[in-house]
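Worksheet: the structure to be examined is printed underneath.
The values are calculated or read from the model by the stated rules, or taken from the named source; none is laboratory data. Since the model is a prediction, treat every value here as computed from it, not as a measurement. Quick reminder, even Gly has a Cβ in these numbers, built from the backbone with ideal geometry, and neighbours come from all protein chains shown. Ligands, DNA and RNA are stripped out before the accessible areas are found, and what is left, the full protein with its side chains, is counted by its heavy atoms. Shrake-Rupley method; radii C 1.70, N 1.55, O 1.52, S 1.80 Å.
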Amino acid sequence: MIWSRLSLSGKLFVAVVLPVLFAVLLLAGAVAFSMRAGFSRYLLDSELSQLDGLVATLEQHPEASAGWPSLSDFDAWVYLLEDMVPRRARPPGAGPGSGPAFGAGGPPPERHAGGQGPVPLPDRLSLLGPDGRLIAGGVINGTTHADRPLRNADNTVIGTLRLTHVGANPEPSDNAFLARQFRVIGLTALIALLCASVVAWLTAQQFLAPIRRIGDHVARLASGDLSSRLNATRRDELGRMMRDHDALAESLEASRQRERQWVSDTSHELKTPLAVLRAQIEAQQDGIRPTTPKMLDIMHDAVMRLTRLTEDLSLISRSDEGRLQLAPVPVDLCALTRAAARDQRPRMREAGLRLKVTEAEATPLTVQGDPVRLRQVLDNLLDNACRYTDAPGRITVSCHPIGNQAEITVCDTAPCPPDETLPELFDRFRRGETSRARSHGGSGLGLAICRALVEAHGGTITATPSDLGGLCIRVQLSLSQD
């Protein structure tokens, strides 16, 4: 099919031009037909307007009230017209006493439109009574006519003067007028078609230019050039599509950078315990160091670090893939918070930190969740606060309701990461400044695991500066409706 083979530009061009062409041709034909028919009516009205003298004579005729009986004789009708009709209203060559040229010689037979040659005025001009009965003149059927009412002194219609058009050859001036009008119509239609073609071409270019840019941009993205941007300035739907493509490119580029950073950080985190294990094993193989309980403890610590790291990576991976398994049951967050703080308090005391727990005085805050995973969140938050709070310092843990949610906050004293880095604390292997660096221990996955577990429970976790001068992490979970 030809339509399916056309390019998008060709389809747009045809879709715009064809309706315009059809409308122009239809309009031009309608105007031409109306003008030709209307021109005949115009000629009749113009010719009938020249018979004012005849109209006045018929209205003042002594036999007008009786229906002009003397004019029923065709010769009398002809001679009346010879005296009253001006020369310019007569057929060419007709004049007083011209006889047959003006229609004398007895009543004519009934005529029909389409006859050849000019039709005499007496045959085309008819006098009708008030009831439409023919009194004088010719009878021509199936043609266009114009009527002029005849009235008496009381303004009552006493008859009608009818002039009929029989399709006789028009005057040269009439033909010239019609030809000029048809030329104007044709020129107008041509100009309209040209304008439609220009508009169709410009519209096609206006649509196709950004579409080609989008296509080229997609091709560059597919080839791996994720830095490509369209930088759209349009405000229409295509501009919005181009901006969406730029947003997609930015998202893909950020995802690739995170993936590379993820691989780099994972490799770096694995490198240290592996290096320790390798050094210890090679030292024993070479006989440099004997196998002692201390050396075994060092190797065991490296293996445990690798184990924790792989478990953390596996948990985050399952969370990203939506495969994190939870066993939700009703959980009292206040009781869970007290238990986590009780287990962490000896470690806090050894680090020179004071731990304070505050909770709601009302009924227990019950949420629907996995108690093991929620305890893991609390342990990670408390472990993070213990690692990165300078001694002597304070850590406060609170559990209280906010509307239909339960909120757990873990706040500590200085130091606090810069404000611009706070949203990044929950990224994988993300640490703050030197105050929260790798030297404090940990894999850098603790807060990332907390976010994964909290979001798996349908909650939120955020980090803000603490009123104590350090970091404050807030966890919000929906309260159970039971």
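Here are some notes:
- Sorting 148-155, 197-204 by their mean Cβ neighbour count within 10 Å, with the most densely packed peptide first, gives 197-204, 148-155.
- Here the Kirkwood formula puts the hydrodynamic radius of segment 178-288 at 20.0 Å, using every distinct Cα pair.
- In order along segment 338-354, phi translates into HN-Hα couplings of 4, 5, 5, 5, 4, 6, 8, 5, x, 5, 4, 5, 5, 7, x, 10, 9 Hz, rounded to whole numbers, per the Karplus curve 6.51 cos²θ - 1.76 cosθ + 1.60 with θ = phi - 60° and x for Gly and Pro.
- Relative to the compact-globule estimate of 2.2 N^0.38 Å, the Cα radius of gyration of segment 8-74 comes out at 2.38.
- Length available on full extension from ARG289 to THR310: 0.36 nm per residue minus the Cα-Cα distance, which gives 4.7 nm.
- For segment 220-264, the spread of Cα positions along the three principal axes, ordered from largest to smallest, is 42, 17, 12 Å.
- With both labels modelled 7 Å from their Cα along Cα-to-Cβ, the ARG133 to GLN405 distance reads 10.2 nm.
- Centre separation in Å (Cα based) which lies between segment 235-296 and segment 8-68: 88
- Ranked by the mean number of other Cβ atoms within 10 Å of their residues, highest first, the peptides 324-336, 232-244 fall in the order 324-336, 232-244.
- Segment 357-413, accessible surface, carbon-and-sulfur percent (1.4 angstrom probe): 51
- Taken per residue, the accessible surface of segment 216-299 reaches 70 Å², heavy atoms only and a 1.4 Å probe.
- Interchain or long-range residues, amide H under 5 Å from SER466's placed H: LEU471, CYS472
- Neighbourhood charge, 14 Å Cβ-Cβ cut-off, centred on GLN205 and excluding it, Lys, Arg +1 and Asp, Glu -1: +4
- With N counted as the residues of segment 352-404, its alpha-carbon radius of gyration over 2.2 N^0.38 Å works out to 1.34.
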